[in-house]
Amino acid sequence: MSAKKLNLKDKYRLLTRDLDWEYSYSDRKKAFPYEEFEGIKITDWSKWEDPFRLTMDAYWKYQAEKEKKLYAIFDAFAQNNGHLNVTDPRYVNAIKLFLTAVSPLEYQAFQGYAHVGRQFGGAGARVACQMQSIDELRHVQTQIHAMSHYNKYFDGFQDWSHMHDRVWYLSVPKSFFDDARSAGPFEFLIAISFSFEYVLTNLLFVPFMSGAAHNGDMATVTFGFSAQSDEARHMTLGLEIIKFLLEQHEDNVPIVQKWIDKWFWRGTRMLSVVAMMMDYMLPNKVMSWKEAWEVYFEEAGGALFKDLARYGIRMPKFVEITEKEKEHVSHQAWWIFYNHGHAAGFHTWIPSDQELDWLSEKYPETFDKYYRPRWELAKKLEAEGKRFYTQALPQLCTTCQIPMGFTEMDDPTQIAYRDSVYNGERYHFCSDGCQHIFEDEPEKYVQSWLPVHQIYQGNCGGASVEEVLRDYYQMNLGADNLDIKGSPDEQRWKEWKGVA
Amino acid sequence: MTIEIKTSTLEPIRNTYANIERRFGDKPATRYQEATYDLQAETNFHYRPLWQPDKELNDKTRTKIVMEDWYALKDPRQFYYGAYVQQRAKMQEQAENNYAFFEKRDLQAYLSESSKEKIIRFLIPVRHIEHTANLNNMYACSFGYGTALTQALVYNAMDRLGIAQYLSRIGLLIDGNSGDSLIQAKEHWMQDPIWQGVRALCEELTTVEDWFEVMLAQNLVMDSLVYELFIDQLDQALNAEGARDIAMLLEFMQQWNKETTRWFDSVIKTVASESAANAEQMSIWVKHWRAKAAEAFAPVIHALFDETSLQQALTLLDNRSRKAGLTL
Amino acid sequence: MSKVYIALQDNDTSRYILEAIEEDNPTATINHMPAMIRIENEDYLVVKRSTVEEKMGRDWDVQELHLNLITLGGNVDEDDEQLSLSWNS
């Protein structure tokens, strides 16, 4: 046989995109109906480059190996009561937040990639999205399994999916992904594969997982790093899709730029929760949020945008504000949760003196000037037996749904308020970025299920906040919420450790 | 030496997550349960999809089938991701050994030209049917409801891609890695009159809107015929004419089909037994697609086997349907 | 000039891969962090199958890299022989 040996690239093409064919009997547009309405122009799907040429047999083999290692560690963790090795019980609240806020997003990613993994007309892109879809299912399931042991010993994990659909601060991540999934298929990929996975996800996983390692949490480190090994494939899909769209047609450039602007801002707003986890919730610190932002966004993201400049893509809009925000967001976010700690499904606390000093050192420009005095005051009140909780329900930003607590970045004593009128109604925003996003698609954001509005409208059960928390959110009041001091979590920890 | 472990203070405060406890009581749960039930968002969606503004993101009304609880569709294999990939890794290791053995011993050299032709004309084109199965399972996964079913559908979709790739590799094994057999097989798929009915049916299936209908037409109607005819009967026919070594290349598909049939039969049985309306709707769909498939497959099957083969496959489909509680 | 980077889980296999990377990319800088190793280089970085195989003393498939990979930055080019990262700017 006159064999011209196939190289890897040609072989992969035969084993994936060559499976598809030009339709003769049905209208292909009816089979792939969502490709055109966003205005993106695809002239030739065959120009799609597959960065990783993973066939299913190799996928099963490598993924099974990862899973085998991962579950061996989960088993050992449970058998050895691994939860006793974490630095202190405050740490566990970071992973409560992770399970209730982030894991359901992995599920939405599974659904979103399943959708585009069916709807794209190009087989190469479709297969890449399908693999990401099943990977994302892996992530949510391994996270549930990693937390399963913690759930048996700590409060606040038990009703994570019920909470995700309802609780006020969890509407921030939920609405982020609802926004992406309800968009067209190309915007979804720019939102999640590019802006989130490629530009921002390192900020979620890498420092946070190193943090878990630093705080004795083997279960989380293991699922985190094991998930990240899939993430490298996902990030690369993000970079491929953007290059592909930009190379397909010049008319795509402004559309893509608009999506980058929107999703960069949506992403940074959502990551303010991660900022607070890093700076306040990890007892042993790895790096400050500001440092993480500099390494993973300013440096790595800077290189990326320099690379994309040849297509006419510029840095995301409002990036200059994030440069200032890195000094502030973690402090402002934790302060919001400290104030509303009675309505949160995890515990809050005042940083220890040592931690306050660390924050002063890491944030020399801002911490002593703006934030330390607040904590000193909170300390004083707590010492007098007057730990306070803000009873009033906060106003939420219509776009990102975070309570209005972020300040003007040039005047950190002034809460930022923006508003726009649409169809005779006034809508409120925490920032120029969020206002801008709303004004571009008001018909979408007027639909937002804003938890505080919903409570006021009586859609969340009872008349009082306590009833909403207990009956609608299904929180165990007095166990899941309030300060860590005096909590059942803290009490059990002391018993386990034999301290009074 | 005695080791004293203070177990009393390490009593767990709960056995499992609250949603699992509500469903199954306060007792330790399996990994399958914790990784399956109630994962999908149920309520308070923020925005309507731009691509389907009359529906919520997760919406039960995307099919005519009605279930009180879509999580009733438990997977008898209890596949969550980890269990799934480990099972497939075992199967692929065996398949890999078989394919490597076939290549190393150059077993294609023992195939007659007519057997090779048969493989190229009748077996390799099945990879395009499997590609359609990938699309259809992905479709049902993305529009379907409840993780119990949708996770099994993504596994199925990826399996189909894998099977399409194994079938393609059979082509590469017999054409000395040139890819020529795949090109020829695709020409059959695109031009050969005997295949056009099946191709038209595959194309049509990807335009059907109701995801449950798509899933049923694919995983019950199409698969009953395709696996009986092209994987089992064709394997036997090749065996009879001396092309026995092909059998080891089809083991994966045969084992897979047996396992997957068990899962899908349990799905349709549960749905049919939920209500008379479900059973009736499913019966209408099966009748509709059975008639179309019988017509579409007739030319290719008549070119390959005698009259009884297609009848045998249709009987198998009918038996599966009746066992699930459908009336044809 | 922009930096490309790759991060690996800190385990035994990664140590051989790291040795290979160091040999093939003499200007690369290596950062050991909790449970991970981050390697960066100006504009270009390559992981070569042949070098890794030499360090490990066994056959190694470039795709096995995914078992130890945590993250990367740069345009990826992967084939049978190597995985490389680069920026075009």
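So here's what we get for this one:
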{"item": "At 0.890 mPa s and 25 °C, Stokes D of the protein assembly as shown from Kirkwood alpha-carbon radius, µm² per second", "result": "84 µm²/s"}
{"item": "Rh (Kirkwood; distinct C-alpha pairs) - the range B:80-323, Å", "result": "18.5 Å"}
{"item": "Calculated FRET value between A:ASN284 and A:ASP410, using beta carbons and R₀ = 30 Å, to 0.05", "result": "0.35"}
{"item": "Calculated from backbone phi, Karplus (6.51, -1.76, 1.60) coupling profile of the range A:445-451 in Hz, x at Gly/Pro", "result": "6, 5, 7, 3, 8, 7, x"}
{"item": "When the convex hull of its Cα atoms is projected in every direction, mean area for the range C:3-86 (nm²)", "result": "4.6 nm²"}
{"item": "The range B:1-102: trypsin sites (Lys or Arg not before Pro) in DSSP loop, at most 10 other beta carbons within 10 Å", "result": "B:LYS6"}
{"item": "Gap separating the Cα centres of the range A:393-425 and the range A:18-78, nearest whole Å", "result": "40 Å"}
{"item": "Over chain B, relative contact order from alpha-carbon pairs under 8 Å, at least 6 apart, %", "result": "20 percent"}
{"item": "Unit charges at the beta carbon, dipole of the range A:373-443: most positive-side option, A:TYR389, A:CYS400, A:ALA416", "result": "A:TYR389"}
{"item": "Cross-link reach list, lysines versus A:LYS68, counting only Cα pairs under 22 Å and skipping chain neighbours closer than eight places", "result": "B:LYS90"}
{"item": "Cα pair distances in chain A, grouped into 10 Å bins until the bin that holds the longest one, percent each", "result": "4, 18, 29, 27, 15, 6, 2, 0, 0"}
{"item": "C-alpha center-to-center spacing [the range C:51-89, the range A:130-185] in angstrom", "result": "31 Å"}
{"item": "Unit Cα scatterers, Debye sum, the range B:104-184: log10 I(q)/I(0) for q = 0.16 Å⁻¹", "result": "-0.64"}
{"item": "Residues whose placed amide H lies under 5 Å from that of C:MET33, excluding near-sequence neighbours", "result": "C:ARG38"}
{"item": "Pairwise FRET efficiency - B:HIS288 versus A:LYS30, Cβ, R0 = 30 Å, nearest 0.05", "result": "0.95"}
{"item": "Phi-based couplings in Hz for the range A:112-129 (Karplus 6.51, -1.76, 1.60; Gly and Pro marked x)", "result": "x, 6, 5, 5, 6, x, 9, 8, 5, x, x, 5, x, 5, 4, 5, 4, 5"}
{"item": "Prolate/oblate/rounded label for the range B:19-73 (Cα gyration tensor, a/c 1.5)", "result": "prolate"}
{"item": "Square roots of 5 times each gyration tensor eigenvalue, C-alpha, the range A:139-200, largest first, Å", "result": "28, 15, 9"}
{"item": "Residue (of A:GLY345, A:PRO283, A:PRO51) at the positive-pole extreme of chain A, dipole from beta-carbon charges", "result": "A:PRO51"}
{"item": "Helix A:252-276 vs. chain A, principal-axis angle (Cα, 0 to 90°, nearest 10)", "result": "30 degrees"}
{"item": "Eligible aspartates and glutamates near A:LYS386 by straight Cα distance, threshold 13 Å, same-chain separation 8 or greater", "result": "A:ASP483"}
{"item": "For A:133-142, mean number of other protein chain Cβ atoms within 10 Å", "result": "6"}
{"item": "The range A:149-166 - phi-based ³J(HN,Hα) in whole Hz, Karplus 6.51/-1.76/1.60, Gly and Pro as x", "result": "6, 4, 4, 7, 10, 10, 7, x, 8, 5, 10, 4, 7, 4, 5, 4, 6, 10"}
{"item": "The range A:163-234: translational diffusion in µm²/s, Stokes-Einstein, Kirkwood Rh over Cα pairs, 20 °C, 1.002 mPa s", "result": "157 µm²/s"}
{"item": "Reachable lysines, given that their alpha-carbon falls under 18 Å from the alpha-carbon of B:LYS55 and they are not under 8 places away in the same chain", "result": "A:LYS174, A:LYS444, B:LYS64"}
{"item": "Long-range amide H partners of A:TYR153 with built H, under 5 Å", "result": "B:ILE13"}
{"item": "Under-5 Å amide H pairs with A:SER431, H placed in peptide plane, nonlocal only", "result": "A:ARG418"}
{"item": "Förster radius 22 Å - calculated FRET efficiency between A:TYR456 and B:LYS55 (Cβ-Cβ, nearest 0.05)", "result": "0.20"}
{"item": "Extreme residue, positive dipole direction of chain B, given options B:ALA247, B:ALA185, B:ALA217 (C-beta unit charges)", "result": "B:ALA217"}
{"item": "Set B:LYS60/B:LYS323; A:LYS262/A:LYS324; A:LYS380/A:LYS494; B:LYS74/B:LYS287; C:LYS3/C:LYS48; A:LYS262/A:LYS306 screened for pairs whose C-alpha atoms are more than 22 Å apart", "result": "B:LYS60/B:LYS323; A:LYS380/A:LYS494; B:LYS74/B:LYS287"}
{"item": "Stokes-Einstein D for the range B:52-122, Kirkwood Rh over Cα pairs, 25 °C, 0.890 mPa s (µm²/s)", "result": "141 µm²/s"}
{"item": "Per DSSP, loop trypsin sites (Lys or Arg not before Pro) in chain C with at most 12 further Cβ within 10 Å", "result": "C:ARG58"}
{"item": "Burial ordering of A:THR348, B:THR206, B:THR61, fewest other beta-carbon atoms within 10 Å first", "result": "B:THR61, B:THR206, A:THR348"}
{"item": "Three-way shape label, the range A:35-142, alpha-carbon gyration tensor, a/c 1.5", "result": "oblate"}
{"item": "Distance from the range B:207-268 to the range B:106-170 (C-alpha centre basis), Å", "result": "9 Å"}
{"item": "Exposed-loop-free span, longest in chain A, where GluC sites (Glu not before Pro) count as exposed if DSSP calls them loop and at most 16 other C-beta atoms lie within 10 Å", "result": "A:50-249"}
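Every read-out reported here was derived from the displayed coordinates using simple, explicitly stated rules and does not represent laboratory data. Not measured: the values here are computed from a predicted model. Please note: Cβ atoms are built from the backbone with ideal geometry, for glycine as well, and neighbour counts cover all protein chains shown.
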